[in-house]
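Everything on this sheet refers to the single structure shown next.
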Amino acid sequence: MCRLAMKTAAEPFSPYTVLQAMEAMQEGYDGSGLGLLLRGMNFADFNYQAGEPILSGIAHSEAALHRLNQMLQDRGFTLKYDHEFQVRPELIEAKDRHKYFLRVYKQPLSWKEWSREQVENELMLTRLALREDGLRDNDLTVFSFWPDVAIIKEVGWPLQVGDALGLADNRITSRICMAQGRQNTNYGINLYACHPFFIQGVGTMTNGENTAFVPIKEYLTGLHRPGYVGYQSDSEVFAHILHYVTRELKLPLEAYKHVITPLKTEELEKHPQGRFLRGLRDACRRMIIDGPNCVMGSMPDETCLLLMDTKKMRPATIGGRPGEWAMASEMCGVDAMIPHRDKSLDFQPMRENTVIVPAHRKEFVIWSQFDPYPLHRAA
Amino acid sequence: MVSIRSIPSTPSSLTYNDLPWIIEHREDRCTLCGRCTSICPTQSLHLTYHRQRMPQLGILKKKRGSEYRVFTGIRQSTSLEHRCTGCGMCSMVCPNEAIGPFPNSNDDRARFHSHQKGEAWKRGGRRNDRHSLLDQLSFNRISMLTDPALDAGRHEFYLNTILGRVLPPEEYIRRQAAGEWIPPTREIFPFIIGSMSFGALSPNMWLGLLQGVAYCNEVLNIPVVMCTGEGGCPPWVLKSPFLKYLVLQIASGYFGWDEIIRAIPDMQCDPAAIEIKYGQGAKPGDGGLLMWFKVSQLIARLRGVPEGVDLPSPPVHQTLYSIEESVMKMIQTLSMAWDFRVPVYPKISGSTSAKAVLNNLVRNPYASGLLIDGIDGGTGAAYNVSMDATGHAIASNLRDCYLDLVAQGKQNEIPLFAAGGVGKNGNVTQNGMGLIMLGASGVHIGKYILQAAAGCLGNEKNRCNVCNLGICPKGITSQNPKLYRRLDPDQVAQRVVDVFMGIRTEMKKIMAPLGRSQSLPVGMSDALGIGDEPAARRLKIRYVC
Ligand code: SF4
Ligand code: SF4
């Protein structure tokens, strides 16, 4: 089963520190992949301005890179910064990695007048167009194209991948780092099957297996939203459901847990907003997950979340101190990320909990599904 | 040419081994108690004299030849009206195991003469085809390592389903905020007792079922519902709190609806749902048929008709000009009768045109679901040819409809229910869960419940199946008090409870290894496999061998 580690801190830090922490949980993965999602970006060699989209991915050939450049140019994007990874190819299993790209672009001038929603939709559509282009010959992989977010995914042992890409050099730092060490299970090794999954600012990663995957995938696909594609991994649906609940349904973050793991009927009968929640459960019935899963996520405003499925067969833990918090699928991961902390304040969420680290990072908050639901608050 | 009348053979003359069932009687065990002859529902048995030759073996005696003795034995009738149906009641009552029916291994000639007096052959029961595709389904996606299989005995499982129209999430949230009407839904157990009318079933049977259903709901927390079939139900039931466990069916004869409509002001609760029957899997294109034998005084009163007349419902609803119109009118009218608090859904027979009906329902905001009844469904009375050869198998029909909804993203809005042959060979939970994973939100079971809860003798080899004649030897489908007093409603209720507790356990035993417990695995087709390649392709599931 995969291992998850996530750190959020007011001061940007190197993703390499999280990779080192992942070594503590190494019995849990098999080197079939590493995924990193960085949010709150800081580049040593470039003065990054908030709002500028960052493109992350891999070009597997010169021709693919050329096509990518052309497509973005045609759409009016201008390259502002191209992060040069200090690559050590001998540490990478795959041999078709022409270039890892992490690039900052300037939005097309014509977008100036556009609403935020329009811009965000267009960014997603651009990413999807690039992805589709790359799937034709499998020579271009695009993970994200979004402001303030970078994603790195590669097959191999997590720390070794970090070394291969020179992540220890402190040239890229971020305020949030989500990392997943992959244990390949049911599905083929595919870069798109690596966590974290990301769509329009919403990122999640998961361990365990979601046995309700096929009906959920069918449901999300049937919504006919352009971004709900992929599903090389059963865990991708977690990101899409979070996106759907908060962005499309515009429900508060509390609703996520009520959608993926609703309370039982007898529990809802006693809940102050039970009537609404029961209807929501029925309306969103096809998105009920069937874990065991531990889900970690981060939102565009740098809110981080941690929650479990209802079976609660995972020991995910959160710990830290004001200003920096770490979550990991196993307690030793938290120890490795923030060793000096008051461990008595560590918390392992139960089946009804969502743990939230707000952007201010002063403390973490524990929500319970049994709490009153904020009926009139939108996302 | 003049026929030779001295040879007793007419075109329809049959001997006992031309019949589907042959009685074997052991004279050495028979004490001539007469129980078999009196229990036989078709009066097939009669006591008669036989003559037996007693060979004389005395070689030296002058007198040669045989002696004869005369004894009383059993003979089976060779007239079709009194043919043996294989019910086995004679063996059940015989104290000495002296008698019993055996299937004729030769082709029975009787079938060529079953049309008599200008009438085609009618019967009740089932299709008489042991083959079941549902029995071939297996659940293959076993959770092994990443997601360990669950403990069926200790883990909590959510097994219920939803009956009723479910809004898309956006619309649900909008209407909630605006305080608008939200379509009614019911949370029910996915195995539903399918529509069998109060006229088709005896009062003891029907009340036994209802009693068992009430126990499941009120004591065991298994929210089983049962459907009335056409013909309404006793007025006291309509005014009782048990009404909430009943799906009231309205069919083309509207039998029983006078009583229902009149009872509305006195109802303590709403019914579980209303089922509009447009078709039935066992006899598509035919309306209901309650034969005169079964129209007793009570039934006549409930249905508002004279006693002892055939009650054929028209094949279609009078309002049926087009499906759009009928569905719209009837669903809306019936919704209105209960102030839009009760789900209303149509039942159709399996058909290649089922998708057209479904698409129509998708666009009707009041339609609460669709029940598709496949060719293997049972009936109280139908023409043989309808039962055997008319209709559509349920598995592919349901699957097509489900995938059609999936393509439109509407699979959560209109729940599909499947019926017809669920548990026909006894594998009720496996069959039902197979259909659920193919996309059904639940299944209706009829014959299985009669067999399991009341000891119905019928089987797929045409045993018994005289449900149409009012002579049901178990008292299940008869309105004759002499017959139905054989059936104790309390014992039926007890069996209903046993059956549903068993199904509940088996559902967990199926879901636990698949790692599913949080919701009913509707449409979880990745869990299914079948060892029949064309069927796998057709159903879009995995071929396993
Ligand atoms: S099996 Fe049934 S129908 Fe046949 S002789 Fe015996 S009692 Fe009569
Ligand atoms: S026992 Fe009764 S219900 Fe069963 S097949 Fe015979 S007549 Fe029909």
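The values are calculated or read from the model by the stated rules, or taken from the named source; none is laboratory data. Everything numeric in this text was worked out from a predicted model, so none of it was measured. Glycine also receives a Cβ, built like all others from the backbone with ideal geometry; neighbour counts cover every protein chain displayed.
General observations
- The requirement of being within 30 Å of A:M22 (Cα to Cα), among the basic types (K, R) and buried (at least 21 other Cβ atoms within 10 Å of the Cβ) is not satisfied by A:K312.
Matching residues to (1) within 14 Å of another protein chain (Cβ to nearest Cβ); (2) free of Cβ contacts under 8 Å to residues at least 24 places away in the same chain; (3) within 16 Å of ligand 2 (Cβ to nearest atom):
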| residue | (1), (2), (3) |
| --- | --- |
| B:K424 | no, no, yes |
| B:T429 | no, no, no |
| B:M437 | yes, no, no |
| B:K447 | no, no, yes |
| B:A452 | no, no, yes |
| B:G470 | no, no, yes |
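- Filter result for A:L109 (away from chain B (no Cβ under 14 Å) and touching a residue at least 24 places away in the same chain (Cβ under 8 Å)): yes
- Condition met for B:S132 (hydroxyl-bearing (S, T, Y) and more than 13 Å from ligand 1 (Cβ to nearest atom)): yes
Results for (1) within 14 Å of chain A (Cβ to nearest Cβ); (2) closer than 30 Å to B:Q297 by Cβ, shown as yes or no for each residue.
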| site | (1), (2) |
| --- | --- |
| B:D488 | no, yes |
| B:V499 | no, no |
| B:E506 | no, no |
| B:K509 | no, no |
| B:Q518 | yes, no |
| B:G523 | yes, no |
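- Considering (1) under 18 Å from B:T228 (Cβ atoms); (2) of a type in the set (S, T, N, Q); (3) at pLDDT 90 or above, the lone condition that B:T352 does not fulfil carries the number (1).
- Boolean, B:S335 is surrounded by 14 or more Cβ atoms within 10 Å (Cβ to Cβ), within 23 Å of B:I193 (Cα to Cα) and more than 25 Å from the chain's Cα centre (by Cα): yes
Conditions (1) within 14 Å of chain A (Cβ to nearest Cβ); (2) surrounded by 14 or more Cβ atoms within 10 Å (Cβ to Cβ); (3) under 27 Å from A:D290 (Cβ atoms), marked per residue:
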{"position": "B:A110", "(1), (2), (3)": "no, yes, no"}
{"position": "B:E119", "(1), (2), (3)": "no, no, no"}
{"position": "B:G124", "(1), (2), (3)": "no, yes, no"}
{"position": "B:S132", "(1), (2), (3)": "no, yes, no"}
{"position": "B:L137", "(1), (2), (3)": "no, yes, yes"}
{"position": "B:I142", "(1), (2), (3)": "yes, no, yes"}
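Conditions tested, residue by residue: (1) surrounded by 22 or more Cβ atoms within 10 Å (Cβ to Cβ); (2) part of a helix (DSSP H, G or I); (3) out of contact with any Asp or Glu (no Cβ under 6 Å at 6 or more places or on another chain).
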site	(1), (2), (3)
B:G423	yes, no, yes
B:M433	yes, yes, yes
B:A453	yes, yes, yes
B:C472	yes, no, yes
B:L483	no, yes, yes
B:Q491	no, yes, yes
B:R495	no, yes, yes
B:I503	yes, yes, yes
B:P521	yes, no, yes
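- Members of the stretch B:259-285 that are surrounded by fewer than 22 Cβ atoms within 10 Å (Cβ to Cβ) and of a type in the set (D, E, K, R): B:E259, B:R262, B:D266, B:D270
- Residue tally, condition part of a loop (DSSP other than H, G, I, E, B) and farther than 24 Å from B:F191 by Cα, over the stretch B:523-539: 2
- Looking at A:I199, A:I172, A:I176, A:I216, just one residue is in contact (Cβ under 8 Å) with a residue 12 or more places away in the chain and within 14 Å of chain B (Cβ to nearest Cβ), and that residue is A:I216.
- Test: residue in the stretch B:291-309 that is touching a residue at least 12 places away in the same chain (Cβ under 8 Å) and assigned to a strand (DSSP E or B): no
- Options B:K482, B:K447: the member that is within 22 Å of B:L133 (Cα to Cα) and either in contact with a Cys (Cβ under 9 Å, 6 or more places away or on another chain) or within 16 Å of ligand 1 (Cβ to nearest atom) (or both): B:K447
- Total residues in the stretch B:87-113 satisfying the condition of being within 16 Å of ligand 1 (Cβ to nearest atom) and of a type outside the set (A, V, I, L, M, F, W, C): the figure is 10.
- When the strands (runs of 3 or more DSSP E) confined to the stretch A:294-346 are screened for residues that are out of contact with any Gly (no Cβ under 9 Å at 6 or more places or on another chain), those reaching at least 1 such residues are found at A:317-321, A:324-328.
- Every condition in (1) on the phi > 0 side of the Ramachandran plot; (2) surrounded by 21 or more Cβ atoms within 10 Å (Cβ to Cβ); (3) within 14 Å of another protein chain (Cβ to nearest Cβ) is met by B:N465 except one, and the failing one is (3).
- Count of residues meeting criterion [under 14 Å from A:A24 (Cβ atoms) and within 14 Å of chain B (Cβ to nearest Cβ)] in the stretch A:311-362: 1
- Total residues in the stretch B:159-202, condition at positive phi and without any contact (Cβ under 8 Å) to a residue 24 or more places away in the chain: 1
- Single residue of the stretch B:72-108 satisfying the filter (among the β-branched types (V, I, T) and either under 17 Å from B:P473 (Cα atoms) or within 14 Å of chain A (Cβ to nearest Cβ) (or both)) that is farthest from ligand 2 (Cβ to nearest atom): B:I99
- Filtered residues of the stretch A:62-79 (kept if crowded, with 16+ Cβ neighbours inside 10 Å and out of contact with any Pro (no Cβ under 8 Å at 6 or more places or on another chain)): A:A64, A:L65, A:R67, A:L68, A:L72
- The residue that is farthest from B:E187 (Cα to Cα), among those in the stretch A:268-298 that are of a type in the set (D, E, K, R) and more than 29 Å from the chain's Cα centre (by Cα), is A:K270.
- Listed by position, the strands (runs of 3 or more DSSP E) inside the stretch B:27-132 whose residues that are of a type in the set (V, I, T) and out of contact with any Asp or Glu (no Cβ under 6 Å at 6 or more places or on another chain) number at least 3 are B:66-76.
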